[in-house]
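Taking it in order: structure first as structure tokens, then the write-up.
Every number in this text was worked out from the coordinates using simple rules, so none of it is lab data. The structure displayed is predicted, hence computed values, not measured ones. Here the Cβ is made from the backbone with ideal geometry for all residues, glycine too, and neighbour counts use every protein chain on show.
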Amino acid sequence: MKKTIRYRIIHIAGICMVALLFFAAGIEANETAQLTDETIVYYVPGKKRCHLADCRRRNETMSQMTWAEARAQGLKLCSRCPGSTTAGAPKKDKKDEVAQPSTTVQTNGPVVYYVPGKKRCHREGCRRISSDMQTMSLSEAKEKGLPFCSKCPAADEEEGTEKTGLPTP
């Protein structure tokens, strides 16, 4: 008698697990099925991915368009969007990539990159340059007494710089 009760419990638990799997598959299929041409997606101009309203990568600063418009522009859902089948993008090697600053200033002569309020500046080609940096002329950096970071490439050919990478005052 005890064995039959045990087997029944195991049998019922197995049926419940199968039902849960079908239920979960149904939810996933419904999320994918809800993606129609009129579905609003969110994107950042210039990027290759777009996001659904409940994606954890979406934020309030993103622009909106319909899924049909996104597909026409070649955008794909991000890999974190619910129901997405898009594979994640391969990671890039940061050593090969140098970010471009977001703001540029017209200067005469060599340009350096800096973050306002920080104590160092960066030469062209430095691996620490990021998109939130601004530019200024080398002469302005000298006036402010900003040294170059320790990772900046040596610039012996630049006038007024020492081999150590510090601008001369």
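At a glance:
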{"quantity": "Rounded to 5, the percent of DSSP beta bridges in segment 35-89 classed as antiparallel", "calculated": "75 percent"}
{"quantity": "Charged-residue dipole, Cβ positions (Lys, Arg, Asp, Glu), segment 35-89 about Cα centre, Debye nearest 20", "calculated": "360 debye"}
{"quantity": "Approximate spin-label separation Thr85-His11, in nm, with each point projected 7 Å along Cα-to-Cβ", "calculated": "3.8 nm"}
{"quantity": "Shape call, segment 35-89: gyration tensor on alpha carbons, a/c limit 1.5", "calculated": "rounded"}
{"quantity": "Length gained when the stretch Lys119-Lys3 is fully extended (0.36 nm per residue, less Cα-Cα span)", "calculated": "34.2 nm"}
